[in-house]
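The values are calculated or read from the model by the stated rules, or taken from the named source; none is laboratory data. Since we're looking at a predicted model, the values are computed, not measured. Backbone-built Cβ (ideal geometry, glycine too); neighbour counts: all protein chains shown. With ligands, DNA and RNA removed, areas are computed over all heavy atoms of the protein, side chains included. Shrake-Rupley method; radii C 1.70, N 1.55, O 1.52, S 1.80 Å.
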Amino acid sequence: LGYDVYCACYSANLSRRDEKDFEPLFVAFGVRKHVFYDTIAGIANMSLNKDTDVRKAVNKLVRGEHPRKFAGSSSSSKPRPKAALIDEIDTLLQKDFFTTTYNPCTTLYFPETVALLRWLYSQRKSPP
């Protein structure tokens, strides 16, 4: 049908197991390169970084290097439609899982930041 299919599970181990178990079927149907297994966070990360590593791009932007592009298709071909399949939906809908957020972040390293943190640490006082 021409879709990329993302199969999400709450557990990385279960995702890898299912991917391995179903791989012969995907190969037989000739769709292996269009089926992706991972956790919800892993699939979000794949989608977010599809065309560029967003974390590296933000790092460059903050440093004044201005990355050439943040997003947009790197190929001239038409993007494939996408479908998501969620395994263990009962687990994903539990309050402690469903209410968590996906927070991609990056670490910025600047000599000035290190110097400031060292100075702040040197100014600490013992608790009363």
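Looking only at the range 112-128, filter to residues that are open to solvent by 100 Å² or more (accessible area, probe 1.4 Å) and not hydroxyl-bearing (Ser, Thr, Tyr); which one of those is nearest to Asn59 (Cα to Cα)?
As a first pass, look at the range 112-128 and keep what is open to solvent by 100 Å² or more (accessible area, probe 1.4 Å): 112, 117-119, 121, 124-128.
Subsequent filtering for residues that are not hydroxyl-bearing (Ser, Thr, Tyr) retains 112, 117-119, 124-125, 127-128.
Numbers: Glu112: 15, Leu117: 19, Arg118: 22, Trp119: 24, Arg124: 30, Lys125: 33, Pro127: 36, Pro128: 40 Å.
The selected residue is Glu112.
Could you please find all residues in the range 5-24 being part of a helix (DSSP H, G or I) and over 24 Å from Pro79 (Cα atoms)? So that I can check it myself, show each step before the final result.
Filtering the range 5-24 down to residues part of a helix (DSSP H, G or I) leaves 12-24.
Residues satisfying the conditions are Ala12, Asn13, Leu14, Ser15, Arg16, Arg17, Asp18, Lys20, Asp21, Phe22, Pro24.
Got a sec? Which of Ala12, Ala8, Ala84, Ala71 is in contact with a Phe, Trp or Tyr (Cβ under 7 Å, 6 or more places away or on another chain) and either at pLDDT 75 or above or among the aliphatic types (A, V, I, L, M) (or both)?
Working: Ala12 fails: in contact with a Phe, Trp or Tyr (Cβ under 7 Å, 6 or more places away or on another chain); Ala8 fails: in contact with a Phe, Trp or Tyr (Cβ under 7 Å, 6 or more places away or on another chain); Ala71 fails: in contact with a Phe, Trp or Tyr (Cβ under 7 Å, 6 or more places away or on another chain).
Being in contact with a Phe, Trp or Tyr (Cβ under 7 Å, 6 or more places away or on another chain) and either at pLDDT 75 or above or among the aliphatic types (A, V, I, L, M) (or both) holds for just one of Ala12, Ala8, Ala84, Ala71, which is Ala84.
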